[in-house]
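Colleague: Handing you this structure, nothing more for now.
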Amino acid sequence: MPDMSYLDSKYFIDEYVFNCPFCNRRNVAYTVRHLDMFDWTEDKKCYIYLAECQSCDKVSMHLTFENIQTNPISGYHRHFIIGENLDEKFFYSVPTSFFSLDKRIPRVLRELMTEAEGCLKSNFLTGASVCARKLVYELAILEGAEGTDYESRLKSLKGKRPDVEPEYFDTLLTIQQVTSDKVHELSYDGWHSRHLRVILATLTEIFNTMYVIPKLRAEKRQSIIKLKEEVLSQKKPQK
Ligand SMILES: [Zn+2]
């Protein structure tokens, strides 16, 4: 069975099911119940889609610059005609996709990651860059790492957490080094969206390794110990 847990971190899984931010059910059926359009600028249109959870009936709102076609099913209910990469098309959702990050990751990191992803989706690269740097800053505080700048904090974190694959920290350091040369004279720390995507994906993996996997292991261990105790406490049948 392939690991499909990455689907839990999405809003829309495909044209039929999504992860509901209201009832928190995963893989639950939804329909598109309303769509509308307005002029974002003189020559750019923005499309509004409302998604209704078929379990709790609550409705979430999603904005995109793409006119995503839908098929009517019954009454006002519709389905998107595409099921792939829907999350990437929407730049703004209410509720936010904040719920899709594992709750075991500290709240400050989840909030900054959500903001960074929102900025990136809207192509607000300076905002996304600031959030990415602040994520490393907050992570360093949480982990008691040292350093006065992004690079030294990452090096300190790498030393502090040998349980995290060092390649993750090396990736972040390499991106910092290849991008800082070009912008040095302006002392401007912005990244391009392709850099930011790698940075945010790498940080998400670091957070999962630090905060989610150890807790999952601990829970698993506890349940095995409990099972063992239950088995051993059962008296052997009398002969
Ligand atoms: Zn729901």
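Since every read-out is calculated from the coordinates, none of them should be taken as a lab result. No experiment lies behind these values; they were computed from the predicted model shown. With ideal geometry, Cβ positions are generated from the backbone for all residues, glycine too; neighbour counts draw on all protein chains shown.
Colleague: Report the longest stretch of the chain that contains none of the GluC sites (Glu not before Pro) sitting in a DSSP loop with at most 15 other Cβ atoms within 10 Å.
Modeller: 147-239
Colleague: Something else about it: Roughly how many debye, to the nearest 20, is the charge dipole of the chain about its Cα centre, given +1 on each Lys and Arg Cβ, -1 on each Asp and Glu Cβ, and no other charges?
Modeller: So the dipole magnitude of the chain works out to roughly 1480 debye.
Colleague: Extending each Cα 7 Å along its Cβ direction at residue 223 and residue 76, get the distance between those two points in nm, one decimal.
Modeller: 4.1 nm
Colleague: Kirkwood hydrodynamic radius (Cα pairs, Å) of the chain?
Modeller: That comes to 20.6 Å for the chain.
Colleague: Moving on. P(r) tail for the stretch 107-226, what percent of Cα pairs lie past 20 Å?
Modeller: Result for the distance tail: 44 percent.
Colleague: Given H placed 1.01 Å from N in the peptide plane, which residues other than close sequence neighbours of residue 45 have an amide H under 5 Å from its amide H?
Modeller: For residue 45, the qualifying residues are 40.
Colleague: Any idea what the relative contact order of the chain is, in percent, if you count C-alpha pairs under 8 Å spaced at least 6 apart?
Modeller: That works out to 13 percent.
Colleague: Let me ask you something else. Using alpha-carbon pairs under 8 Å, 6+ residues apart, how would you state the relative contact order of the stretch 107-226 in percent?
Modeller: 25 percent
Colleague: Which listed residue (63, 231, 140) has the Cα farthest towards the positive end of the charge dipole for the chain, taking +1 on Lys and Arg C-beta and -1 on Asp and Glu C-beta about the Cα centre?
Modeller: 231
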